[in-house]
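Novice: Below is the structure I would like to discuss, written out as structure tokens.
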Amino acid sequence: MAWENELNDRKKNILKSIIDVYIQSAQPVGSRTIARKHDLGLGSATIRNEMADLEELGYITQPHTSAGRVPSDKGYRFYVDHLMQAYQLAQEEILQIRQAMEDRVEELNQLFKKACSIISSFTGYPTIVMSPQLSGTLIKSVQVVAVDDKHLLVVLVVEGGIVRNKMVRHNEMVDEGSLVRLTNVLNTRLAGKKLCNATVPLAANLTIVTHLPETLLTLVLDAVQECIRRIENIDVYLDGVTNLLNFPEFSDLLKAREVLELLHGQDVINTLVKRALNERKLQVRIGSENEIDPLKELSVVTTVYGHEGRSTGAISIIGPTRMTYGKVVSSILYIKELIDKEIMRIFDEEE
């Protein structure tokens, strides 16, 4: 039988009331609490009987004999899919987010770092923002400039205002004209190309044109290749991890430490991100729905931002299963919309 057909309206209302109260209190919920706090038109005895049915069906559990009930992962899933009220961000909340995002940034990575901090601060939960896969981004320019007699600086600029540079130490005599020729050749070969299609020329093929020794050219071209790799690598921003310590679910320090270490692990982050990019839609993974064991006591809300084929990344908000799902979903979708607009602004201003 489908979950939505397992419960009549009375059971749905009682389940929603239990979860709403538990999200706020973190304490097992009894029938008297529901009767007192929610006008369901039902007495405590009736509510108690319905709660027994909900427990038998697996939507709630009783942690201790004679205690109230708490939602199960199945209960939270039904709540998110069928009962959760859409959370309407208040005007002051919208203003708070917009003001935080207001300062214009000129580089995409600044935007993602800033957004990660804002989301974590606003929701109170740890947040992960993954930068886009930029292999399809166009190279704008390459420059090779002398810093002093022994050092050259290789600078690679791509769309989105992203800049990477690499210092090259050498022992050659280099004149300014040779560096200008080298810069012109590199721009002819690379500017306007996608990172994924960029082919760095061989040093031996540039010696005659640039009048530079092959040993020096090899160092410079290796630096260009490293700059390309660093841009193509996905950057991950993590903020607010210690926010988990504010929740009673993590009062056990050993448990909290395990989760904190987990969230700093690259494998976990990669799993979250790849799943988001593959499914390309808002996802809410609750407790046991998560594949990684330590995440089975957490909920993860993830969405994808950006524009496919140009700059697509992911945002994940992580918290206890007793998460304020309505607020988190509304917040992540609103901030995604702001990020999308800011990405388009940065790219459009360059065209």
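Novice: Leaving out ligands, DNA and RNA, and with a 1.4 Å probe, what % of the accessible surface on the chain is carbon or sulfur?
Specialist: Within the chain, the accessible surface is 47 percent carbon and sulfur.
Novice: If you wrap segment 199-278's Cα atoms in a convex hull and average its projection over all directions, what's the area in nm²?
Specialist: In nm², the orientation-averaged hull projection of segment 199-278 is 8.6.
Novice: Need the list of lysines near Lys37 for cross-linking: C-alpha distance under 19 angstrom, and skip anything on the same chain fewer than eight residues off.
Specialist: Within reach: Lys11, Lys12, Lys16.
Novice: Skip the ligands, DNA and RNA, and give the accessible area per residue of the chain with a 1.4 Å probe, whole Å². Spell out each step's value before the answer.
Specialist: Values: 17200 Å² over 351 residues.
On a per-residue basis, 49 Å².
Novice: Can I ask one more? Which angle from 0 to 90°, rounded to the nearest 10, does the C-alpha axis of helix 108-123 make with the longest principal axis of the chain?
Specialist: The answer is roughly 20 degrees.
Novice: Something else about it: What ratio of Cα Rg to 2.2 N^0.38 Å holds for segment 113-270?
Specialist: 1.44
Novice: Using the crude model of +1 on Lys and Arg Cβ and -1 on Asp and Glu Cβ, and no other charge, please compute the dipole size for the chain relative to its Cα centre, in debye to 20.
Specialist: Its charge dipole is roughly 580 debye.
Novice: Report the Cα-based extents of the chain along its three principal axes, largest first, to the nearest Å.
Specialist: 92, 40, 36
Novice: So if each residue of separation counts as 0.36 nm, and I subtract the Cα-Cα distance between Gln24 and Asp252, what length gain in nm does that give?
Specialist: So the extension gain works out to 80.1 nm.
Novice: Now, a different point. Can you give the direction-averaged projected area of the convex hull of the alpha-carbon atoms in segment 1-78, in nm²?
Specialist: Mean orientational projected area (segment 1-78, Cα hull): 4.7 nm².
Novice: How big is the gap, in Å, between the Cα center of segment 29-67 and the Cα center of segment 115-157?
Specialist: Answer, in whole Å: 53.
Novice: Angle check, please: helix 325-348 long axis (alpha carbons) against the longest principal axis of the chain (alpha carbons), in degrees 0 to 90, nearest 10.
Specialist: 20 degrees
Novice: Using a Cα-Cα cut-off of under 29 Å, which lysines could be cross-linked to Lys150, ignoring same-chain neighbours fewer than 8 residues away?
Specialist: Lys140, Lys166
Novice: Could you work out the equivalent-ellipsoid semi-axes for segment 189-240, taking the square root of 5 times each eigenvalue of the Cα gyration tensor, largest first, in whole Å?
Specialist: Numbers: eigenvalues 175, 34, 9 Å².
Semi-axes (√(5λ), whole Å): 30, 13, 7.
Novice: What fraction of the Cα pairs in segment 1-133, stated in percent, has a spacing above 20 angstrom? All intermediate terms of the calculation are to be shown ahead of the outcome.
Specialist: Details: 5022 of 8778 pairs.
That tail contains 57 percent of the Cα-Cα pairs.
Novice: Can you give the angle from 0 to 90° between the axis of helix 266-279 and the longest principal axis of the chain, with both taken from C-alpha atoms, to the nearest 10?
Specialist: The angle comes out at about 80 degrees.
Novice: Relative contact order for segment 21-121: what is it in percent, counting Cα pairs under 8 Å that are at least 6 residues apart? The partial results should precede the final answer.
Specialist: Numbers: 67 pairs, mean separation 18.9, N = 101.
Averaging sequence separation for qualifying contacts and normalising by length gives 19 percent for segment 21-121.
The values are calculated or read from the model by the stated rules, or taken from the named source; none is laboratory data. Given the structure is predicted, the values throughout are model-derived calculations rather than measurements. No Cβ is skipped: glycine too gets one built from the backbone with ideal geometry, and neighbour counts run over all protein chains shown. The accessibility values were calculated without ligands, DNA or RNA, using every heavy atom of the protein model including side chains. Shrake-Rupley method; radii C 1.70, N 1.55, O 1.52, S 1.80 Å.
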